[in-house]
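Peer 1: Here it is: the structure, laid out below.
The values are calculated or read from the model by the stated rules, or taken from the named source; none is laboratory data. Just so it is clear, the model here is predicted, and its values are computed rather than measured. Cβ: placed from backbone, ideal geometry, glycine included. Neighbour counts: every protein chain shown.
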Ligand SMILES: Nc1nc2c(c(=O)[nH]1)N[C@H]1C(S)=C(S)[C@@H](COP(=O)(O)O)O[C@H]1N2
Ligand SMILES: [Mo]
């Protein structure tokens, strides 16, 4: 079978910066959203000013847990944000909560290509006419919780606490049935789907945010080309008008402003797939193992979420009244099997109490847990730990998964608080 790879696809596969012949001009583009010290609302109009800003220039911000816990579905104004490059190939700013103008959205197109006989173009206007599905899913940066690793050794990257996540309802067209319907005739060697978005690296030749997924990955069955977030057109800064959403996968796999889907035999060579966002397969030690040591053989991409739970109430440093105290929070995993149990400990892991789990909005959504306990006045510390039906559990000591990129923190959450 003869493979068709057009020039545009080739440029991207080769990890070059150009998109459709547009080369970013160094210095000619506004390369930063915000000035140091600016609050979230000054950086991205419409964001809640209480958001914790990690990188003003790139608009990287997380949600304080006191805000995150107030919503079952996270509103866009308080959803964390992560972008690698704030502009598209023409220098257009994408740091706005406003969705694209309807005409712009309708005309948006996605090129489906790679090792296929017949590349196709799909427009958002076409997608709007197709049958859509809804999925509620956690969106979480693979770097969420990174700052807790720093107790062992500092890593590069933003110092996320637990607020680099949200729980969202996405609506869109299922990817695999769409690909099947396009009559692409992929080559027999095709194993991966590769996605690229409209943003381009600010420096020619810089690594592009291109991501690859094994076509056989179970979560891909639930992947969608999302057109709506929480029932509305997707805010531009969160990837509208069309975003590839892979439920149960870390956020970096959900490519914003989708422009390309490519059927390929291998993962993209982009450094943002091969060198960052990868987890070593086993424990590694600071200083002895760096991101330069990462290979396809000794590491995995950050695909599915590691099982995790956090405490939403009480929060660290809060004071609650003695007597009956309701401990609350959320738990989630990669959605492949149900959670089996979430337990809390008030004696630093000596004994564990089973919590009650509310019905969740599906396998990929936050699972809310709660437990009423009687507590005397004094200093307390609550630990929480989730286990799923495959016996996958959070490590009591999260530092055991320390890695040079600071990815996939999923240690038992430990929250000190005061009972008055
Ligand atoms: N095109 C594109 N998509 C992207 C990124 C990016 O820089 N460019 N960042 C990714 C990362 S690392 C994360 S964590 C999520 C963040 O999604 P949010 O900002 O909508 O919360 O988007 C992902 N999709
Ligand atoms: Mo991320």
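Peer 1: Any residue that is within 13 Å of ligand 2 (Cβ to nearest atom) and either at negative phi or touching a residue at least 40 places away in the same chain (Cβ under 8 Å) (or both) - is there at least one of those in segment 114-122?
Peer 2: Within segment 114-122, none of the residues are within 13 Å of ligand 2 (Cβ to nearest atom) and either at negative phi or touching a residue at least 40 places away in the same chain (Cβ under 8 Å) (or both).
Peer 1: Does segment 302-322 include one or more residues that are closer than 26 Å to residue 206 by Cβ and within 23 Å of the chain's Cα centre (by Cα)?
Peer 2: yes
Peer 1: Further question: Against the condition surrounded by 19 or more Cβ atoms within 10 Å (Cβ to Cβ) and more than 16 Å from ligand 2 (Cβ to nearest atom), how does residue 155 come out, does it pass?
Peer 2: In short, no.
Peer 1: When you look at residue 179, is it buried (at least 18 other Cβ atoms within 10 Å of the Cβ), assigned by TED's automatic domain parsing to the domain that holds residue 285 and out of contact with any helix residue (DSSP H, G or I) (no Cβ under 9 Å at 6 or more places or on another chain), yes or no?
Peer 2: The answer is yes for residue 179.
Peer 1: Out of the residues in segment 200-221 that are part of a strand (DSSP E or B) and within 13 Å of residue 272 (Cβ to Cβ), which is farthest from ligand 1 (Cβ to nearest atom)?
Peer 2: The residue in question is 212.
Peer 1: Looking at 190, 284, can you tell me which residue is over 23 Å from residue 47 (Cβ atoms), away from ligand 1 (no atom under 16 Å from the Cβ), at pLDDT 95 or above and touching a strand residue (DSSP E or B) at 6+ places or on another chain (Cβ under 9 Å)?
Peer 2: So the residue among 190, 284 that is over 23 Å from residue 47 (Cβ atoms), away from ligand 1 (no atom under 16 Å from the Cβ), at pLDDT 95 or above and touching a strand residue (DSSP E or B) at 6+ places or on another chain (Cβ under 9 Å) is 190.
Peer 1: A further question follows. Condition (residue is over 27 Å from residue 333 (Cβ atoms) and either crowded, with 16+ Cβ neighbours inside 10 Å or modelled with pLDDT of 95 or more (or both)) applied to segment 221-231: is it met by at least one residue?
Peer 2: No, because not a single residue in segment 221-231 is over 27 Å from residue 333 (Cβ atoms) and either crowded, with 16+ Cβ neighbours inside 10 Å or modelled with pLDDT of 95 or more (or both).
Peer 1: Checking residue 137 against (1) under 30 Å from residue 409 (Cβ atoms); (2) surrounded by fewer than 22 Cβ atoms within 10 Å (Cβ to Cβ), which single condition isn't satisfied?
Peer 2: (2)
Peer 1: Pick from 286, 241: which is more than 21 Å from residue 171 (Cβ to Cβ) and more than 15 Å from ligand 2 (Cβ to nearest atom)?
Peer 2: On inspection, the qualifying residue turns out to be 286.
Peer 1: Being more than 16 Å from ligand 2 (Cβ to nearest atom) and in contact with a helix residue (DSSP H, G or I) (Cβ under 7 Å, 6 or more places away or on another chain) is the requirement here; does residue 211 meet it?
Peer 2: Answer is no for this residue.
Peer 1: Specify which of the listed residues (342, 337) is modelled with pLDDT of 95 or more and more than 30 Å from residue 255 (Cβ to Cβ).
Peer 2: So the residue among 342, 337 that is modelled with pLDDT of 95 or more and more than 30 Å from residue 255 (Cβ to Cβ) is 342.
Peer 1: Same structure, new question: Go through (1) assigned to a strand (DSSP E or B); (2) closer than 30 Å to residue 72 by Cα; (3) under 17 Å from the mean Cα position of the chain (by Cα) and name the single condition residue 194 misses.
Peer 2: For residue 194, the failing item is (2).
Peer 1: Here's something else I'd like to know. If I filter segment 171-188 for residues that are within 14 Å of ligand 2 (Cβ to nearest atom) and either more than 29 Å from residue 330 (Cα to Cα) or in a loop (DSSP other than H, G, I, E, B) (or both), do I get at least one hit?
Peer 2: No, segment 171-188 contains no residue that is within 14 Å of ligand 2 (Cβ to nearest atom) and either more than 29 Å from residue 330 (Cα to Cα) or in a loop (DSSP other than H, G, I, E, B) (or both).
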